[in-house]
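The values are calculated or read from the model by the stated rules, or taken from the named source; none is laboratory data. From a predicted model like this one, the values you see are computed outputs, not experimental measurements. No Cβ is skipped: glycine too gets one built from the backbone with ideal geometry, and neighbour counts run over all protein chains shown. These accessible areas exclude ligands, DNA and RNA; they are computed on the full protein's heavy atoms, side chains included. Shrake-Rupley method; radii C 1.70, N 1.55, O 1.52, S 1.80 Å.
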Amino acid sequence: MRRLKEKQQSTYNAEKLEINTVPPKGLALHVHLLVVLMGVIAVANGKLLSDSDSDTPLAGNASNATALYVLGDSSVDCGDNTLFYPLLHHNLSLYPCNGSHTSLLPHLLAEKMGLPNILPFYSQNGSIEELIVGLNFGSAEATIVSSQSHQSLNQQLRQVFETLQLLQLQLGENRADHLIRSSVVYLSFGKDDYIDLFLRNSSGLMLKFSSKEFAHILVHQIMHVVRNLYNANFRKIICTGILPIGCTPRRMWERYNNTTVVEDDHDGGDCVKDINEMVLEYNTMLDEHILELKSMLPDVEIVFCDVYRGIMKILADPGHYGFGELRSACCGAGLYGAMIGCLSPEMACNQASSYVWWDLYNPTQAVNSLLADSAWSGRPFSDICRPITIQQLLTT
């Protein structure tokens, strides 16, 4: 009865928020034509494989992972996979990564898996060599809630399904199924839903929904996508939580400039308490729903990775981990480097490795490296990923 009630409530809330579970027809046609064109190019280049073709290995690295497919927001994309990013970005930061997307968590994990560089969806040319090691469908500022401005979660899911069709065309059904079952899917959403929508009170969201209701809508959509991935035969899935938005330079700058701030809005440190409480509400709910779904689908491994916990451990003892600057962004201008984001690499600090934050909302590569190490092996931060580490996930 409780689950039925929650399902009804989720459906009602989703309708009120106008979440589209199917991409617009124009987009679907565009993606479909793109996939067909990619297939034609692959055939023209002599890259179409049959089931008997063994020249292109599907499994050969030590980690027992054949590919990594990434879906997400600015936590997985530096703008490379976002068409017209400089015109669409909302956060005044044209360079949200220090270096390139290879400094982000999923790409650091791909390196540990022994996989080559995972290309953005819009950068690949449809060759089988690129598809069988994975793709990054993620887009900076993408949201779980559908948006016409960015590639939402459901739009990225559609691109995944189109890619799977192309794999079946090029590999044959049996080999494609083997690849999918041994691949890893990485989901990282929610940050931009809070930054760009809820905390901005876009379309009056804060008046329509409590923070708990909003979190429930987001988690419900994530679980819907996980079920769709399971039905597509993916059996190794990673879901990450949201980082502590209340500790980011931009939020600290905005709170400093808010004359109505009260002491209780701070958590006793350098973070905004009420915002972090919203994030924890979402993370906890996502973790619980993953455990519940896992109990219903015993042949799938779903791992929850708690990046919030990892970053808070760094902030609690920064010197131990080699960090000296906790509040300010390495690349930005104004107080906390957060009045204006990273408009040029020349704006960056000289020693990014001593900073926790790269720009307005994104951690530095040094932080992501610690998170990747912990997600992979459980060290230096234990239980960041649960119930098992990423390394253990790949051996199941």
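Results for (1) open to solvent by 50 Å² or more (accessible area, probe 1.4 Å); (2) free of Cβ contacts under 8 Å to residues at least 40 places away in the same chain, shown as yes or no for each residue.
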residue: P298; (1), (2): yes, yes
residue: V303; (1), (2): no, no
residue: M312; (1), (2): yes, no
residue: A329; (1), (2): no, no
residue: G337; (1), (2): no, no
residue: W357; (1), (2): no, no
Of the residues in the range 83-106 that are closer than 29 Å to D177 by Cα and either touching a strand residue (DSSP E or B) at 6+ places or on another chain (Cβ under 7 Å) or at pLDDT below 95 (or both), the one that is most open to solvent (accessible area, probe 1.4 Å) is T102
Residue hits (the range 353-388; more than 17 Å from the chain's Cα centre (by Cα), among the hydrophobic types (A, V, I, L, M, F, W, C) and farther than 22 Å from T248 by Cα) are I388
When restricted to L187, L197, L218, the only residue open to solvent by 10 Å² or more (accessible area, probe 1.4 Å), touching a residue at least 24 places away in the same chain (Cβ under 8 Å) and within 27 Å of V303 (Cβ to Cβ) is L197
All conditions in (1) modelled with pLDDT of 95 or more; (2) farther than 25 Å from G337 by Cα are true of G204 except (1)
When S374 is run through (1) under 20 Å from D77 (Cα atoms); (2) touching a Phe, Trp or Tyr at 6+ places or on another chain (Cβ under 7 Å); (3) not β-branched (V, I, T), the failure sits at (1)
Of the residues in the range 111-136 that are open to solvent by less than 10 Å² (accessible area, probe 1.4 Å) and touching a Pro at 6+ places or on another chain (Cβ under 8 Å), the one that is farthest from L71 (Cα to Cα) is I118
By my count, strands (runs of 3 or more DSSP E) wholly in the range 288-396 with at least 1 residues that are within 28 Å of N258 (Cα to Cα) and among the small types (G, A, S) are 325-329
